[in-house]
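In what follows, a single structure is set out as structure tokens and then discussed.
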Amino acid sequence: MPKSSVEEIRARFDQDVERFSNLTIGQTTTVDSTLILELVTQAAAASNPDAAQLLDVGCGAGNFTLKLLQSLPDLEVTLVDLSQPMLERAVERIRAVSSGVIHPLQGDIREITFPAGQFDVILAAAVLHHLRGAGQWRLVFTKFLQVLKPGGSVWIVDLVEQSTPAVQALMWDRYGDYLVDFKGPAFRQKVFDYIEEEDTPRPLIFQLDLLREVGFEQVEILHKNNLFAAFGAIKAGKA
């Protein structure tokens, strides 16, 4: 079955802004979403306490930037998202709590270019599972490395796949149970349907290995539960 196009994904997210606009509960279809939100932003702040420039890829309504601003206030923020309504909501929410400069960019991270060494921190939450094929993963991870300053870090939250089919089936069933407990069988089917239509996740180990291959000095696993992981990578620092 062909996966959704960029335009189809954009159209769905244009209609789903409210679900992504709650800092208290985070992304509700993500297992341990509030814990992951805290871990990722705390790790970013600890790794780059003097950060001035943030890139939030697939920013949605801005939850991860908002959480990071609690530790690193008034960052200069570059927001990237396919959805213009998502960007508008993110800018509105961030502007209410920060005097930092905000640069919203509607578009696809695979196509947008930035100067080398511009950012101290990159956040990429629930977005990379839309990449299609190993070549696109390598392109995006290489771009992350290039646009980070020496010592900069990238922090990723995403749906991941298991490497072993039997374990993947087990985790898929357990994730289905989680969704049923949260909102019932119809909600489970809705989530499963759009994952099937849109998403092409890769195993956590694949992503960690690729981050090393493209040149990141260190990788860190912050959390993994069921089909969701939070992890990061740090670029080599100044000599």
I need the helices (runs of 4 or more DSSP H) fully contained in the stretch 126-239, keeping only those with at least 2 residues that are modelled with pLDDT of 95 or more and touching a Leu at 6+ places or on another chain (Cβ under 6 Å). 134-147, 165-183
Quick one: count up the residues across the stretch 152-170 that are out of contact with any helix residue (DSSP H, G or I) (no Cβ under 8 Å at 6 or more places or on another chain) and open to solvent by less than 40 Å² (accessible area, probe 1.4 Å). 1
Are there any pairs with C-beta distances below 9 angstrom linking a residue in the stretch 87-103 that is farther than 18 Å from residue 57 by Cβ to a residue that is in a helix (DSSP H, G or I), with the two at least 6 apart or on different chains, and if so which? 97/66; 97/69; 98/65; 98/66; 98/69
The residue that is farthest from residue 175 (Cα to Cα), considering only those in the stretch 219-239 that are out of contact with any Lys or Arg (no Cβ under 9 Å at 6 or more places or on another chain) and without any contact (Cβ under 8 Å) to a residue 60 or more places away in the chain, is 239
Looking only at the stretch 42-58, count how many residues are buried (at least 24 other Cβ atoms within 10 Å of the Cβ) and without any contact (Cβ under 8 Å) to a residue 60 or more places away in the chain. 0
Taking the stretch 126-151 as the search range and keeping residues that are more than 17 Å from residue 203 (Cβ to Cβ) and open to solvent by less than 10 Å² (accessible area, probe 1.4 Å), which one is nearest to the chain's Cα centre (by Cα)? 144
Single unsatisfied condition, residue 104 versus (1) open to solvent by less than 50 Å² (accessible area, probe 1.4 Å); (2) at pLDDT 95 or above: (1)
In the stretch 184-194, what count of residues is obtained for those that are touching a residue at least 24 places away in the same chain (Cβ under 8 Å) and under 9 Å from residue 29 (Cβ atoms)? 1
Quick check on the stretch 65-96: of everything there that is out of contact with any Pro (no Cβ under 8 Å at 6 or more places or on another chain) and part of a loop (DSSP other than H, G, I, E, B), which residue is nearest to residue 109 (Cα to Cα)? 82
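Please specify each residue of the stretch 107-125 satisfying the condition of being in contact (Cβ under 8 Å) with a residue 40 or more places away in the chain, assigned to a loop (DSSP other than H, G, I, E, B) and open to solvent by less than 30 Å² (accessible area, probe 1.4 Å).
Scanning the stretch 107-125 gives 108, 109.
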Just name the residue that is nearest to residue 90 (Cα to Cα) out of those in the stretch 106-124 that are out of contact with any Leu (no Cβ under 8 Å at 6 or more places or on another chain) and aliphatic (A, V, I, L, M). 124
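The values are calculated or read from the model by the stated rules, or taken from the named source; none is laboratory data. Note that the structure is a prediction, hence the values are computed from the model and not measured. A quick note on method: Cβ atoms are made from the backbone with ideal geometry, for glycine too, and the neighbour counts reach across all protein chains shown. Heads up: the accessible areas ignore ligands, DNA and RNA and are worked out on the full protein's heavy atoms, side chains in. Shrake-Rupley method; radii C 1.70, N 1.55, O 1.52, S 1.80 Å.
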